[in-house]
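What follows draws every value from the coordinates through simple rules; no lab data is involved. It should be emphasised that the depicted structure is a prediction, and the values quoted were computed from it without experimental measurement. Don't worry about glycine lacking a Cβ; one is built from the backbone with ideal geometry, like all the others, and counts go over all protein chains shown.
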Amino acid sequence: MNNNIQNVSITGIGMYVPEKTLDNAHFESYLDTSDEWITKRTGVKTRHIVEKGTPNSDLSYEAAVKALEMSGVAPEELDLIIVATVTPDRLFPSTACTLQAKLGAGDCGAFDVLAACSGFIYALSIAHGQMALGNVKKVLVVGSEVMSSIIDYNDRGICVLFGDGAGAVVLENVPEDRGSLVDYIIRADGRQGEILYMPAGGSLNPTSFETVKKNMHTVKMEGNKVFKLAIKHMAELAREITQRNGLTLDDIDMVCIHQANIRIVKGVMSALHLDMATKSYNNIDRYGNTTAASIPLCVHDAFKDNRLKKGDKMIILTFGAGLTYAAALMEWGIENTLQDSTAIADTKEAIEEQKITVPAGVNGKKNISMDI
Ligand code: COA
């Protein structure tokens with residue numbers, strides 16, 4: 001074992017959402033709801049949904065390939081794959097193992113993390129821990145969900161909120177001028193598990209005709225309780241993680257908050273006295289709540305839209321079923337060269353035609369796979 005704790009940073013990021021979308025008019029057509037209510041009360045305008053039967057590992061794969069291409073890391077170089085999800089392909093084997101096979105990675109470690117909307121930060125912290133121990137050097141962390149597989153599309157308080165998608169990052173030991181993952185806080189309050197849960201499908205209520213008949217395989221939530229606790233806990237975590245690292249909230253350039261409801265983001269930013277327009281990034285209008293994928297999708301798009309720049313200090317905050325809540329502090333280390341869209345389009349085309357493998361460390365090829 002090597003106990004040298006080296007700097008760890010995100011060196012590649014990728015995302016994927018399925019092509020099919022459901023906009024608010026779709027729900028107006030069969031539920032007692034309206035575009036106005038959904039937009040005003042949640043901020044969601046549309047969400048991406050898979051074709052029925054598409055496994056989570058397909059979404060994970062698409063996002064992972066893009067993150068790997070940006071980092072210049074080949075799948076066979078990976079030492080560990082972690083997938084955060086509540087909608088795995090199957091209970092076992094883990095989606096991470098299936099993803100490993102799909103990517104053609106070697107016999108690296110692979111497992112799923114179940115911490116709902118906080119899963120991505122939980123997974124990042126575990127990955128970092130393994131790297132700090134010297135056990136692994138290159139890690140793929142994915143947040144991926146097919147929420148449409150566990151949503152009751154007749155429950156208007158739930159179905160308008162969620163969408164499918166995946167985001168992935170590659171972690172490597174790199175010099176500090178390429179960014180740093182600085183700190184994590186991971187917390188849970190299991191006493192309140194049943195304000196957001198899926199009743200059946202596990203050992204407590206194994207799948208049966210009865211559980212299916214009673215609609216026990218879909219998300220149940222006391223939305224308003226979740227809403228209030230989400231604001232309280234994420235605001236507290238933001239203060240705690242800045243303070244314990246000798247920073248103030250004014251030192252933070254970007255806050256990416258779990259995209260559950262735009263009013264939750266507003267509540268957190270206002271509790272922190274931070275300007276929502278300049279210091280947060282939000283894409284809930286386009287994707288809805290994608291649970292474990294929400295944070296990597298948010299960070300990806302903030303970066304793509306040039307709102308997150310190299311050297312920026314960023315906090316990410318999550319809250320979800322468990323209840324789980326988490327925060328991470330990082331300095332972003334990837335230069336955004338996405339403005340050169342012609343070069344990117346050319347390279348994308350070349351990859352699709354020739355399946356080019358980008359060699360490690362070739363700077364000019366770092367952003368070829370971004371969705372632009
Ligand atoms: N269209 C119209 N009305 C709706 C509706 C919809 N899609 N969904 C709920 N309503 C109704 C409710 O039935 C309720 O009606 P009532 O007063 O007649 O009973 C009313 O709107 C207000 O419901 P309430 O739950 O008090 O509203 P809210 O302000 O808390 O908003 C959520 C509801 C679900 C949008 C909000 O609580 C929320 O976003 N919670 C967190 C959700 C989440 O993402 N959780 C996942 C992990 S973080």
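Before moving on, here are some points about what is shown:
- Screening Glu240 on (1) free of Cβ contacts under 8 Å to residues at least 12 places away in the same chain; (2) in a helix (DSSP H, G or I) shows it passes everything except condition (1).
- Applying the criterion of being part of a loop (DSSP other than H, G, I, E, B) and of a type in the set (Gly, Ala, Ser) to the residues of region 308-330, the residue that is farthest from the ligand (Cβ to nearest atom) is Gly311.
- Some residue of region 164-177 being in a loop (DSSP other than H, G, I, E, B), buried (at least 22 other Cβ atoms within 10 Å of the Cβ), in contact (Cβ under 8 Å) with a residue 24 or more places away in the chain and within 14 Å of the ligand (Cβ to nearest atom): no
- Residue in region 42-60 that is surrounded by 15 or more Cβ atoms within 10 Å (Cβ to Cβ), of a type in the set (A, V, I, L, M, F, W, C) and within 16 Å of the ligand (Cβ to nearest atom) present: yes
- Each residue in region 284-302 was checked for being more than 14 Å from the ligand (Cβ to nearest atom) and surrounded by 24 or more Cβ atoms within 10 Å (Cβ to Cβ), and 4 of them qualify.
- Among (1) touching a Gly at 6+ places or on another chain (Cβ under 6 Å); (2) surrounded by fewer than 19 Cβ atoms within 10 Å (Cβ to Cβ), the one test that Thr337 misses: (1)
- Of the helices (runs of 4 or more DSSP H) contained entirely in region 49-150, those carrying at least 2 residues that are within 19 Å of Val299 (Cα to Cα) fall at 56-71, 119-132.
- Residues satisfying the stated conditions in region 230-277, i.e. more than 24 Å from Gly288 (Cα to Cα) and of a type in the set (Ser, Thr, Tyr): Thr242, Thr248
- Look at region 103-124: where a residue is in contact (Cβ under 8 Å) with a residue 12 or more places away in the chain and more than 16 Å from the ligand (Cβ to nearest atom) and a partner is part of a helix (DSSP H, G or I) and of a type in the set (S, T, N, Q), sitting 6+ places away or on another chain with Cβ atoms under 6 Å, you get Ala110/Gln100; Asp112/Thr95.
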